[in-house]
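Before any comments, here is the structure.
Taken together, the values in this text are just the output of simple stated rules run on the coordinates, not laboratory data. Note that the structure is predicted; figures quoted are calculated from it, not measured. Cβ: placed from backbone, ideal geometry, glycine included. Neighbour counts: every protein chain shown.
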Amino acid sequence: MPPYLLPMPMYGAAVDWSGIKMGLEEKLPSGFLLTTVEKLAGYMRKNSLWPATFGLACCAIEMMAAGAGRYDLARFGMEVFRASPRQADLMIVAGRVSNKMAPVVRQVYDQMAGPKWSIAMGACASSGGMFNNYAIVQGVDHIIPVDIYLPGCPPRPEMLMDAILKLHEQIGNEKLGANREKIIKEVEAAALAAKPTHQLKGLLA
Ligand code: SF4
């Protein structure tokens with residue numbers, strides 16, 4: 001019988017795999033690599049973040065610099081800024097969000113594939129910054145959920161990369177399934193039990 005007609009060897013069958021080595025099992029004394037599905041999913045997600053190609057104002061120049069040769073975001077597997085929101089899972093809101101732009105930002109966010117994350121880059125995206133007026137949304141968290149707030153006007157590319165690495169840490173430790181539901185319930189309960197902001201006195205208390 002020609003070799004291409006022979007049945008494929010199955011796992012568990014008496015096949016001699018002794019010649020096939022991947023190197024890793026030689027390094028591990030026990031021959032096992034132990035982890036959880038949660039950790040594996042987190043590891044893969046955090047190392048394959050693709051940001052949406054999206055910039056709103058001056059902060060976007062710093063974001064572009066972070067992706068260019070001098071700072072080289074590619075070192076973290078993130079050089080692929082996707083032009084289609086369906087291929088992106090990170091929105092870097094780089095710059096002030098005008099009221100006119102807000103529905104567009106929300107639409108792009110809604111079209112992104114889940115799970116997805118967002119960074120409010122700079123004072124304007126985080127809080128409206130110096131533009132305390134009717135034209136600017138006073139913080140992009142009024143329209144989309146924000147995972148990391150990055151201060152500065154504008155933040156330097158190093159700061160953006162630091163925020164991204166912190167987000168990587170957060171994504172790597174994210175829970176799945178029943179564990180995730182438990183965490184969400186705990187966070188919601190803590191939020192409901194917290195003092196309302198209008199009762200907070202800060203240094204005046
Ligand atoms: S934070 Fe500063 S640099 Fe960034 S968009 Fe606002 S004004 Fe421009």
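Between rounded, prolate and oblate, where does region 109-165 land on the alpha carbon gyration tensor, with a ≥ b ≥ c its root eigenvalues, rounded for a/c under 1.5, else prolate if a/b exceeds b/c?
Values: a/c = 2.87, a/b = 1.12, b/c = 2.56.
Note, shape of region 109-165 comes out oblate.
Send over the per residue convex hull volume for region 36-194, Cα only, as a whole number of Å³.
Details: hull volume 18.7 nm³, N = 159.
Enclosed volume per residue, from the Cα hull, is 118 Å³.
5 Å is the cut-off here: which amide hydrogens, built 1.01 Å from N in the peptide plane, fall below it relative to Ser118, excluding neighbours closer than 5 in sequence?
Result for Ser118 returns Met91, Asp147, Ile148.
So which trypsin sites (Lys or Arg not before Pro) in region 88-125 pass both tests, a DSSP loop state and at most 11 other Cβ atoms within 10 Å of the Cβ? Can you show the working numbers first?
Values: sites: Arg96, Lys100, Arg106, Lys116; in loops: Arg96, Lys100, Lys116.
Those that pass, being in a loop and sparsely packed, are Lys100.
Multiply the residue separation of Asp72 and Glu169 by 0.36 nm, subtract the distance between their alpha-carbon atoms, and state the gained length in nm to one decimal. Each step should come with its number before you reach the end.
Details: separation 97, 0.36 × 97 = 34.92 nm, distance 1.94 nm.
The span from Asp72 to Glu169 would gain 33.0 nm if fully extended.
Of the cross-linked pairs Lys116/Lys185; Lys39/Lys166; Lys166/Lys201; Lys39/Lys182; Lys175/Lys201; Lys39/Lys116, which ones have a Cα-Cα span greater than 28 Å in the structure shown? All intermediate terms of the calculation are to be shown ahead of the outcome.
Values: Lys116/Lys185 20 Å; Lys39/Lys166 16 Å; Lys166/Lys201 30 Å; Lys39/Lys182 17 Å; Lys175/Lys201 34 Å; Lys39/Lys116 17 Å.
Over 28 Å apart, Cα to Cα: Lys166/Lys201; Lys175/Lys201.
Please order Thr35, Thr197, Thr53 by the number of other Cβ within 10 Å, starting at the fewest.
Working: Thr35 9, Thr197 6, Thr53 18.
Fewest-to-most Cβ neighbours within 10 Å comes out as Thr197, Thr35, Thr53.
Could you list the trypsin sites (Lys or Arg not before Pro) in region 136-188 that lie in coil according to DSSP, counting only those with at most 16 other Cβ atoms within 10 Å of their Cβ? Walk me through the numbers before you get to the answer.
Values: sites: Lys166, Lys175, Arg180, Lys182, Lys185; in loops: Lys175.
Of the trypsin sites (Lys or Arg not before Pro), the ones in loops of region 136-188 whose Cβ has at most 16 other Cβ atoms within 10 Å are Lys175.
Highest mean first, how do 148-160, 120-132, 75-87 rank when packing is the count of other Cβ atoms within 10 Å averaged over residues?
Working: 148-160: 18.1, 120-132: 21.5, 75-87: 14.0.
My ranking of the peptides, most packed first, is 120-132, 148-160, 75-87.
Going by the alpha-carbon gyration tensor, a ≥ b ≥ c the square roots of its eigenvalues, is region 51-108 rounded (a/c under 1.5) or, if a/c is not under 1.5, prolate (a/b greater than b/c) versus oblate? Walk me through the intermediate numbers first.
Values: a/c = 3.46, a/b = 1.48, b/c = 2.34.
It comes out oblate by the Cα gyration axes.
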